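Chemist: Handing you this structure, nothing more for now.
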Amino acid sequence: MQKAEDHGGARLRNTVPGNRDQRTRSAVQIKPRAVVQRSRSSLPTSSPVSARKVHPRPSDKLNPKTINPFGDQPRAPSAFAAIYSKGGIPCRLVHGSVKHRLQWECPPENLPFDPLLITLAEGLRETKHPYTFVSKEGFRELLLVPGALDKAVPLLPRLVPVLKAALVHSDDGVFGRGLEALMQLSVVVGPSLNDHLKHLLTSTAFNSSSNSANQGRSPSRCCW
């Protein structure tokens, strides 16, 4: 009986290491599966924020695409943009909740028209914000100051060619701003503009006919 028990104990002792080896092998086989599951769960998933569709903000309509006049430009800036960025225009754009306005560094009636009025007229050919607004509004406000007649008339020989360049521009927005500026100028200087009016109307009519012929439609631009 003791031998049998010894042999049985020996068999029992012999089976225990085998079971331990089986558990070790199964653990080795299970471990890679757990690692794979953890690696799969750690993969980045698309965030609902990134997948959300971006809608335009209401302020985008009030604030159109704007360039930084003080930053690096991809190409050489225009003469007006260069003057504006260096502080040559004594006013700055103030963004309002409803509309924009200009803030002058000093009262506009104290500013010399030469060369400021001509510089603002050159800015009418700009096509980017804020240059478009600054040139258009600055030109208008400068002509509203007391004594604008005496200051503007001597500049007509230099001012009219600049307005003509805006009137023959291919961009409709530039043409509209040039035409509006010409009408504002005519209100201020009156008959003093008559000597230049024929030249302006001829150039505008020629440009209108050329654009309409290229686009296959009848002329639509007129000054008055």
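Chemist: With a ≥ b ≥ c the root eigenvalues of the C-alpha gyration tensor of the range 79-129, is it rounded (a/c under 1.5), prolate (a/b larger than b/c) or oblate? Please list the in-between numbers first.
Modeler: Working: a/c = 1.86, a/b = 1.14, b/c = 1.62.
Oblate shape, in that a/c is at least 1.5 and b/c is the bigger or equal ratio.
Chemist: What's the whole-number percent of alpha carbon pairs in the range 138-208 lying beyond 15 angstrom?
Modeler: 50
Read the figures in this text as sums done on the coordinates, not as results from a lab. These figures come from a predicted structure and were not determined experimentally.
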